[in-house]
Amino acid sequence: MTSLLPRPDLLSPLSGSFELPAGATVSGPAVLADAVRRALVFLDLRPGDSGEIDVREDPALGPEAYRLTTGSRGVEIVAGGRAGAFYAAQTLHQLLPAAAYRFCEGGSWPVPGVRVEDSPAYGWRGLHLDVARHFFPKREVLRLVDLMAVHKLNRLHLHLVDDQGWRVESRAYPRLHEVGSHRPRTAVHAWGEPEEYEEVPHGGYYTLEDLREIAAYARSREVVIVPEIDVPGHATAILAAYPEFGPTGEPYQVLDKWGISSAILSPLPRTVEFLTAIFDEILAALGPTPYFHIGGDEVVLDHWAESAQIVAYQKSLGLASVAELHAWFLRRLADVLAERGSRAVVWDEAFVSGELRADTIVMPWRGMGVGRRAAAAGHDVIACPVFPLYFDYAEAGSPEEPRAIGDAITVADVAAFAPAPESWSAEEAARVLGVQAQLWSERIGDGRLLDYRAWPRACALAEVGWAGSGGEDFASRLTAHLERLDALGVEYRPLAGPRPWQRRRPHRPSTVPVAEATARWEERTLSAESTRPSV
Ligand code: ACM
């Protein structure tokens, strides 16, 4: 039987099969038929009247839900909306041999007879990509969108700024991309080792036209781009361009090594005006942007506490501490975004520091303990804890792995993850919008290593996000699915370990496995202090 991944709600074999010819036609309402043709672009389908593939709409189904029936009469799709038609076509693609994931001219494909009924468990099935620590050119982002679509993943969170780089053109503040988008060299040493640098400049940024294209390309594949401008910490690249938005005005250089820096933006009104101008540029480029991430993680508040002007401002607002001022600042920005039709998303420290806008979505990266507290306080949450959803960690604690920040997070760990743990109340569980894996790029310098880190763990993520949990037969379906990734040219990590050329600079195995280390962090989530080891 065919190996669908992610697994559908229902799959039953039917008698009869079908031969889908080259140039087959798709009939039905244009919006749905176009979605099917877009999903199956390799198959060169044409619009037609009574097609081999017929699509109908049933608004009683959810927007992403579909029914797919294949048999001797052809292919019938009933979809709740455009996304449902797109996902039905992705499932149809998986019914064909893996060779159908290669572009080829002519030919026809055997389609087994099946009935599939399907809808996602979670609406947010996300991947995060850190394009700040290492820049990934537009072509890599578009390719990642294509691979996400194959897996029914639907949110791409782009971490567009950090201490080591600013990655978007700004016409209002051009020094951001002119100065903030590159650094002269990059640290390559592991945590605890003597400092060592690759003495080569690194940089890059997306033009506003690039962003416009990325968003449109993603939308047409049912992927929503979630931009992140991480503030007020992680601000070195911004301050290298515009030191006047810092509390002291002191000069900065774009950072060339990793870890948590004390660089922070001032929370005063002119910083809010500055960020509003940046948001407006990004929103104008992206088009409709339902979610906008504003960071809030790993903030070192010392420079605020040392500034008489900032402390006076905090008191004038009736706030008890600079930690509350942190939450207040993010609330101001969330208000600005709400006026523009976007909901703010933050990392969990922001929730711990004080009161956020009620509709702000919280990402509990430090563990589901803090996620539960955010859910209990009425915030929607996206499950994204380090263990097992930080895909920058190695898959094995072995020096054969390419160097990673820690280890080990396996495909099976991801497949076993429960976005809404059983111990949570029904109200708390209902706050979980979905699940997201993170690809931080301190140790991912190029697209080939990105493939290796992302896949096949993101296949397990897709299974959890779509089906709600990893199925018992996930491992055997994954083995078959890897043939599709081979056909697509994905340089994933083989299940048995890296190929010789995938080893690179050797990993230094951790003394404390990530599962154990993160269990300890859970206990400390009451504090706003960061707990991620820095390298
Ligand atoms: C994070 O890892 N600092 C969100």
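The values are calculated or read from the model by the stated rules, or taken from the named source; none is laboratory data. On a predicted model such as this, the values are computed, not experimentally measured, just so you know. Counting neighbours? That spans all protein chains shown, and the Cβs are built from the backbone with ideal geometry, glycine included. For accessibility, only protein heavy atoms count, side chains too; no ligands or nucleic acids. Shrake-Rupley method; radii C 1.70, N 1.55, O 1.52, S 1.80 Å.
In order along the range 20-34, phi translates into HN-Hα couplings of 8, x, 4, x, 4, 9, 10, 10, x, x, 4, 4, 6, 5, 5 Hz, rounded to whole numbers, per the Karplus curve 6.51 cos²θ - 1.76 cosθ + 1.60 with θ = phi - 60° and x for Gly and Pro. In this structure the amide hydrogen of V168, modeled in the peptide plane, comes within under 5 Å of the amide hydrogens of Y206, none closer than 5 places in sequence on its chain.
Sorted from greatest to least, the principal axis extents spanned by the alpha carbons of the range 154-303 come out as 47, 35, 25 Å. Restricting the calculation to Cα atoms, the range 172-211 shows an Rg/Rh of 1.16 when the hydrodynamic-style radius is the Kirkwood one.
Whole-Hz Karplus values for the range 239-254 come out as 6, 5, 7, 9, x, 5, 8, x, x, 10, x, 5, x, 10, 10, 4 Hz, taken residue by residue from phi with 6.51 cos²θ - 1.76 cosθ + 1.60 and θ = phi - 60°; glycine and proline positions read x. Around the amide H of A263, modelled in the peptide plane, lie the amide H atoms of A235, all under 5 Å away and 5 or more residues distant in sequence or on another chain. The simple Förster model, with R0 at 22 Å and r as the Cβ-Cβ distance, assigns A190 and R520 a FRET efficiency of 0.55. Measuring from a point 7 Å past the Cα of I260 along Cα-to-C-beta, which residues in the range 197-238 have an amide N at less than 16 Å? Flagged as within label range: 231-236. If the chain linking V512 and L10 were pulled fully straight, counting 0.36 nm for each residue of separation and taking away their Cα-Cα distance, it would gain 176.6 nm.
Here the range 147-205 has an Rg and Dmax of 15.8, 43 Å, counting Cα atoms alone. Take every Cα-Cα pair in the range 17-167 and report what % of them are more than 29 Å apart. More than 29 Å apart: 24 percent of the Cα pairs in the range 17-167.
Roughly speaking, what is the stretch gain from E178 to R505, that is 0.36 nm per residue apart minus the C-alpha to C-alpha distance, in nm to one decimal? Present the calculation step by step, with values, prior to reporting the outcome.
On the way: separation 327, 0.36 × 327 = 117.72 nm, distance 3.13 nm.
Fully extending the segment from E178 to R505 adds 114.6 nm.
Eigen-decomposition of the gyration tensor built on the alpha-carbon atoms of the chain gives equivalent ellipsoid semi-axes of 40, 25, 22 angstrom, largest listed first.
Roughly speaking, to the nearest percent, how much of the chain's 1.4 Å accessible area is carbon and sulfur?
Working: 10150 of 19610 Å².
Result for the chain: 52 percent of the exposed heavy-atom area is carbon or sulfur.
Taking the three principal axes of the alpha carbon atoms in the range 214-299, the coordinate ranges are 44, 29, 19 Å, sorted in descending order. In sequence order, the range 308-314 has phi-based couplings of 4, 5, 6, 5, 4, 5, 4 Hz under the Karplus curve 6.51 cos²θ - 1.76 cosθ + 1.60, θ = phi - 60°, and Gly or Pro positions carry x. In the chain, the longest principal axis of the Cα atoms and the axis of helix 514-523 are about 50 degrees apart.
Loop sites by DSSP among the GluC sites (Glu not before Pro) of the chain, restricted to those with at most 15 other Cβ atoms within 10 angstrom, leave 200-305 as the longest stretch without any of them.
Roughly what angle does helix 138-150 make with the longest principal axis of the chain, taking Cα atoms, 0 to 90 degrees, to the nearest 10? Helix 138-150 sits at roughly 50 degrees to that axis. Pull up all non-local amide H partners of A396: gap of 5 or more, or a different chain, and H-to-H distance under 5 Å with H placed in the peptide plane. Amide H neighbours of A396, under 5 Å, 5+ apart: I409.
How would C104, C384 line up by accessible area, probe 1.4 Å, largest first? If you can, show how the numbers build up before the last one.
Details: C104 55, C384 0 Å².
The ranking, largest first, comes out as C104, C384.
Specify whether the C-alpha gyration tensor of the range 320-375 places it in the rounded, prolate or oblate class, a ≥ b ≥ c being the square roots of the eigenvalues: rounded for a/c under 1.5, otherwise prolate if a/b is larger than b/c and oblate if not. Since a/c reaches 1.5 but b/c is at least a/b, the shape of the range 320-375 is classed as oblate. Estimated at 0.36 nm per residue, the fully extended path between K138 and C104 surpasses their Cα-Cα distance by 9.7 nm. With contacts taken as Cα pairs under 8 Å and at least 6 residues apart, the chain reaches a relative contact order of 15 percent. Principal axis extents of the Cα atoms in the range 405-531, from largest to smallest and rounded to whole angstrom, are 45, 32, 22. Taking every protein chain into account, the accessible area of the chain amounts to 37 square angstrom per residue (probe 1.4 Å). Based on alpha-carbon centroids, what's the gap between the range 104-162 and the range 439-469 in Å, whole number please? So the two Cα centres are separated by 11 Å.
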